[in-house]
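These notes concern the structure reproduced below.
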Amino acid sequence: MPTRRTSRERPERTTLPGIADIRITADAPTTAAVLAVLRQEFTITDPRGGYTGGRTYLQADVGNPAPDDEES
């Protein structure tokens, strides 16, 4: 039975308000379709692909998620 590798300690991941880190795992045509939909609604970074298993990584700016402080 193979032994399990000891996991290395990783720094805590940080996020920015309104920025989504996205991983797509799909074949090329499906990835292209998902990216087209995301581009219609959000500002996205250039996708980073070419990883094993059909993974593509990108970020989407979904806008400022903070509630408005002003009252009408």
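The values are calculated or read from the model by the stated rules, or taken from the named source; none is laboratory data. Being a predicted model, the structure only gives us computed values, none of them experimental. Reconstructed Cβ throughout: ideal geometry from the backbone, glycine too, with neighbour counts over all protein chains shown.
Observations, loosely collected:
- Residue within region 27-46 that is in contact (Cβ under 8 Å) with a residue 24 or more places away in the chain and hydrophobic (A, V, I, L, M, F, W, C) present: yes
- Subset of region 50-70 that is outside any strand (DSSP E or B) and touching a residue at least 24 places away in the same chain (Cβ under 8 Å) - its residue that is farthest from ALA20 (Cα to Cα): GLY53
- Just one residue in the set ASP46, ASP21 is among the acidic types (Asp, Glu) and outside any loop (DSSP other than H, G, I, E, B); that residue is ASP21.
- Top-ranked residue in region 1-22 [being of a type outside the set (A, V, I, L, M, F, W, C), exposed (fewer than 10 other Cβ atoms within 10 Å of the Cβ) and under 14 Å from the mean Cα position of the chain (by Cα); ranked as modelled with the highest pLDDT]: PRO17
- Index of the failed condition, PRO29 passing every other in (1) surrounded by 10 or more Cβ atoms within 10 Å (Cβ to Cβ); (2) of a type outside the set (S, T, N, Q); (3) in a helix (DSSP H, G or I): (1)
- From GLN40, GLN59, residue being of a type outside the set (Val, Ile, Thr) and surrounded by 13 or more Cβ atoms within 10 Å (Cβ to Cβ): GLN59
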